[in-house]
Amino acid sequence: MMSIQERLTSDLKEAMRAGDKVRVNAIRAARAALQAAQLEAAKQRFDAAVAAIEAEHAGDPAAIEAAKAAIAIDSHAPLSESEQEAVIAREIKRRRDAADIYHKAGRADLAAAEEAEIAVLSEYLPKMLGPEELRPLVAAVIAELGVSGPAAMGKVMPVLLERFKGKAENRLLSQVARELLSAS
């Protein structure tokens, strides 16, 4: 099975051949976000290695410099599948937030463009649970925790976010939980 990055590369070529500008723009933005995340991950690994070296050779500047020079971090090391999904999910959230702002500003054309990109990027994430599928699952979590009323949102949401990470949108989880807690 191809990784998200490989699928994006393949789909970019197809979209360019087809002349699908919306798809090309969305895929290019996603690839750029993945590349930035890859570089950020490499930077974090490097910073962690430097911190470990400085702790190990405290007080010996020559040894610290020699050890720093020997660090070999691959800035092109691929992200894990879950990391790639998280990057795509962040890109979708950014576009959803932008679309909301455009709707509020009366710019339906720009909102539609953002929503078109959301549709393209959503293809690269696993199928998310819908509200009808979530209701019984969220109700079971609420019953398991033994809470009721809207004030229990603070107790319910952390559990829901952990259990349904990558399986449902946080906004939808919150909406369903609020509905069910208000009814109880």
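The values are calculated or read from the model by the stated rules, or taken from the named source; none is laboratory data. Source: prediction; values computed, not measured. Every residue, glycine as well, gets a Cβ built from its backbone with ideal geometry; the counts of neighbours run over all protein chains shown. We work out accessible area using only protein heavy atoms, side chains counted, and drop any ligands, DNA or RNA first. Shrake-Rupley method; radii C 1.70, N 1.55, O 1.52, S 1.80 Å.
Go through the stretch 65-89 and report how many residues are over 30 Å from A119 (Cβ atoms) and either touching a Gly at 6+ places or on another chain (Cβ under 7 Å) or hydroxyl-bearing (S, T, Y) (or both). Matching residues across the stretch 65-89 total 1. Taken residue by residue, the stretch 142-157 has at least one member that is under 23 Å from E85 (Cα atoms) and either part of a helix (DSSP H, G or I) or of a type in the set (S, T, Y) (or both).
The number of residues in the stretch 166-177 being surrounded by 14 or more Cβ atoms within 10 Å (Cβ to Cβ) and either in contact with a Pro (Cβ under 7 Å, 6 or more places away or on another chain) or not in a helix (DSSP H, G or I) (or both) comes to 5.
For the stretch 101-118, the set of residues classified as open to solvent by 60 Å² or more (accessible area, probe 1.4 Å) and either under 21 Å from the mean Cα position of the chain (by Cα) or under 27 Å from S3 (Cα atoms) (or both) consists of I101, E115, listed by residue number.
Among the residues of the stretch 1-48, the ones that are more than 18 Å from S82 (Cβ to Cβ), open to solvent by less than 60 Å² (accessible area, probe 1.4 Å) and in contact with a Leu (Cβ under 9 Å, 6 or more places away or on another chain) come to 5 in all. Within the stretch 127-143, one or more residues are of a type in the set (A, V, I, L, M, F, W, C) and either over 27 Å from the mean Cα position of the chain (by Cα) or exposed (fewer than 12 other Cβ atoms within 10 Å of the Cβ) (or both).
Considering A116, A139, which residue is of a type outside the set (K, R) and either farther than 21 Å from A33 by Cα or at pLDDT below 95 (or both)? Steps first, answer last, please.
Details: A116 fails: either farther than 21 Å from A33 by Cα or at pLDDT below 95 (or both).
Among A116, A139, only A139 is of a type outside the set (K, R) and either farther than 21 Å from A33 by Cα or at pLDDT below 95 (or both).
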